[in-house]
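Here the structure is laid out as structure tokens; the discussion comes afterwards.
The values are calculated or read from the model by the stated rules, or taken from the named source; none is laboratory data. All values derive from a computational prediction rather than experimental measurement. Reconstructed Cβ throughout: ideal geometry from the backbone, glycine too, with neighbour counts over all protein chains shown. Keep in mind that these areas ignore ligands, DNA and RNA; they rest on the heavy atoms of the full protein, side chains included. Shrake-Rupley method; radii C 1.70, N 1.55, O 1.52, S 1.80 Å.
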Amino acid sequence: MRFFQLSIFAALIAASAAAQQAADKPKPEDTEIWKPVPAVVTPGATTNTPPSDAILLFDGKNTDEWVKVKDHTPVTWLVHDDILTVNKDGGGNIETKRRFKNYQLHIEWRIPENITGSSQARGNSGVFLASTGPGDDGYELQVLDSYQNATYVNGMAGSLYKQAIPLANAARRPGEWQSYDVVWTAPTFNDDGSLKTPAYATVFWNGVLVEDHFELKGQTLYIGKPFYKKYDTAPIKLQAHGDKSEPISFRNIWVRELP
Ligand code: MG
């Protein structure tokens, strides 16, 4: 009888230790911030044509500047009507063939008018300002329907995912074209891989400043605290997010390399 009681006692202790371990395991929710919610600002009507020294990454004609991230084969996203639409069944994320360090980027994106879903599963994509390799999270400027779509604010459009909440919500309604203009200052590293200078990002969303020379703490991670990993130059990546909502489109993508 006594042995039986001891066994139950031991089992209870083991179960409680396991529960504690599960509670200690990092979760996506640990790094979500929901409040305060950025003020809504209605953007002006903007257009942006590339300046003379821009490298055209997508001008409406083809995807020659891009490859699939997973195997560097030609992309199978859809080019139609001068726009590029995510193909969620077509091999996932894409990235530029060219590699960049510091740059100015212009990119336009459109959430479909008939978008469905909510929170992170509503028009989710992303512009990864440095796609630092398979297995890395990289540095994501979030793309999402943030027009009357509540989510954690450090994961809404205009956020540097889970690090920088946008200074305002400049979202246009689904069906309208939106733009990001980004200044990316790449991080630099010492020979031993330690961080020398951090990455900075400045972002205008539909012409509204939403990230002001924000100093990143490392890669933008889905789970856990950000950290840096040494890289020199990297492609720019676009995300084919796995949610079930209608795929979003891009157009007029150009970049200017900075010293
Ligand atoms: Mg995303």
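Using Cα centres only, tell me the gap between the stretch 128-196 and the stretch 211-255 in whole Å.
5
With angles folded into 0 to 90 degrees, how steeply does helix 2-24 sit against the dominant principal axis of the chain? Use alpha carbons for both and round to 10.
20
So what's the back-of-envelope 222 nm ellipticity for the chain, counting only DSSP H runs of four-plus at -39500 (n - 2.57) apiece and dividing by all residues, rounded to 500? Don't skip to the answer; put the middle values down first.
Values: 1 runs with 23 residues, N = 259.
The per-residue figure over the chain is -3000 deg cm²/dmol.
The stretch 112-210: which GluC sites (Glu not before Pro) are DSSP loop and have at most 11 other beta-carbon atoms within 10 angstrom?
Details: sites: 113, 140, 176; in loops: 113, 176.
Of the GluC sites (Glu not before Pro), the ones in loops of the stretch 112-210 whose Cβ has at most 11 other Cβ atoms within 10 Å are 113.
Over all directions, how big on average is the projection of the convex hull of the alpha-carbon atoms in the chain, in square nanometres?
On the way: hull surface 73.5 nm².
For the chain, the mean projected area of the Cα convex hull comes to 18.4 nm².
Compute the Rg/Rh shape ratio of the stretch 47-192: radius of gyration over Kirkwood radius, all on alpha-carbon atoms.
Values: Rg = 15.6 Å, Rh = 16.5 Å.
Rounded to two decimals, Rg over Rh is 0.95.
Roughly how big is the stretch 126-259's charge dipole about its Cα centre, with Cβ charges of +1 (Lys, Arg) and -1 (Asp, Glu), in debye to the nearest 20? Provide the component values of the computation, followed by the final result.
Numbers: 12 positive and 15 negative charges, 30 e Å.
Dipole of the stretch 126-259, to the nearest 20 debye: 140 debye.
Can you tell me the accessible area per residue over the chain, all protein chains present, probe 1.4 angstrom, in square angstrom? Provide the component values of the computation, followed by the final result.
On the way: 13100 Å² over 259 residues.
With the other protein chains kept in place, the chain gives 51 Å² per residue.
By the gyration tensor of its Cα atoms, with a ≥ b ≥ c the square roots of the eigenvalues, what is the shape of the stretch 16-70: rounded for a/c under 1.5, prolate for a/b over b/c, or oblate?
Working: a/c = 5.45, a/b = 1.82, b/c = 3.00.
Because a/c hits 1.5 or more and a/b fails to exceed b/c, the stretch 16-70 counts as oblate.
Two decimals is fine: what is log10 I(q)/I(0) at q = 0.14, 0.15 Å⁻¹ for the stretch 150-259, from a Debye sum with one equal scatterer on every Cα and no solvent?
-0.67, -0.77
Need the list of lysines near residue 70 for cross-linking: C-alpha distance under 18 angstrom, and skip anything on the same chain fewer than eight residues off.
Reachable lysines: 88, 97, 237.
Can you sort 185, 49 by solvent-accessible area, 1.4 Å probe, largest first?
On the way: 185 50, 49 115 Å².
My answer, sorted largest first, is 49, 185.
With only Lys, Arg, Asp and Glu charged, each at its Cβ (+1 for the first two, -1 for the last two), find how big the charge dipole of the stretch 36-257 is about the Cα centre; round to the nearest 20 debye. Can you show the working numbers first?
Details: 22 positive and 26 negative charges, 73 e Å.
I would put it at about 360 debye.
Answer with one residue from 167, 117, 92: the one whose Cα lies farthest towards the positive end of the charge dipole of the stretch 46-177, charges on Cβ with Lys, Arg +1 and Asp, Glu -1.
Of the options given, the answer is 167.
What is the local net charge at residue 88, summed over the other residues whose Cβ is closer than 12 Å to its Cβ (Lys, Arg +1; Asp, Glu -1)? Each step should come with its number before you reach the end.
On the way: positive: 244; negative: 89, 243, 246.
Overall, the nearby charge balance is -2.
Dipole of the stretch 82-153, Cα-centred, from +1 at each Lys and Arg C-beta and -1 at each Asp and Glu C-beta, to the nearest 20 debye? Please list the in-between numbers first.
On the way: 7 positive and 9 negative charges, 48 e Å.
It works out to roughly 240 debye.
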